[in-house]
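J.: Have a look at this one before I ask anything.
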Amino acid sequence: MPVSNLDVVERIARVIAGRVLSANAEGEDCSASAEVDATWRDYRDDAIAILKTLREPDPAMAQAGDLATWQRMIEAALSEAGADAS
């Protein structure tokens, strides 16, 4: 499995920024990459909120894998982001 060089909070924040800015999603910019690069940090709190929500997997996710490993992975991402884990 490939491993990203970017932390998950940045990756999620960039996706949110892209959806807001890009004409390919909900935005108006036909070439939004520079704007995403400049503004993704504005979406960090949203990304952290998403990760906090993912701490509790749904039934299909729980059936697919090890819950303790999942929780450790999400907590590691939150810790790396400097987010309060509560």
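The values are calculated or read from the model by the stated rules, or taken from the named source; none is laboratory data. All figures in this text were calculated on a predicted structure; none of them were measured in a lab. Glycine also receives a Cβ, built like all others from the backbone with ideal geometry; neighbour counts cover every protein chain displayed.
J.: Residue check, residue 5 against (1) part of a helix (DSSP H, G or I); (2) surrounded by fewer than 13 Cβ atoms within 10 Å (Cβ to Cβ); (3) under 17 Å from the mean Cα position of the chain (by Cα); (4) modelled with pLDDT under 95, all met but one. Which one?
T.: Result: residue 5 fails condition (1) only.
J.: What residue, among those in the range 24-38 that are in a helix (DSSP H, G or I) and surrounded by fewer than 16 Cβ atoms within 10 Å (Cβ to Cβ), is modelled with the highest pLDDT?
T.: 38
J.: Quick check: anything in the range 14-23 in contact with a helix residue (DSSP H, G or I) (Cβ under 9 Å, 6 or more places away or on another chain), modelled with pLDDT under 90, surrounded by fewer than 11 Cβ atoms within 10 Å (Cβ to Cβ) and not in a helix (DSSP H, G or I)?
T.: no
J.: Restricting to the range 39-52, count the residues that are touching a residue at least 24 places away in the same chain (Cβ under 8 Å) and either outside any helix (DSSP H, G or I) or of a type in the set (Asp, Glu) (or both).
T.: Summing the residues that are touching a residue at least 24 places away in the same chain (Cβ under 8 Å) and either outside any helix (DSSP H, G or I) or of a type in the set (Asp, Glu) (or both) in the range 39-52 gives 2.
J.: Okay, next question. Out of all the residues in the range 59-72, which are within 17 Å of the chain's Cα centre (by Cα) and either basic (Lys, Arg) or loosely packed, with under 12 Cβ neighbours inside 10 Å (or both)?
T.: If the condition is that a residue be within 17 Å of the chain's Cα centre (by Cα) and either basic (Lys, Arg) or loosely packed, with under 12 Cβ neighbours inside 10 Å (or both), then 72 is the only one that fits.
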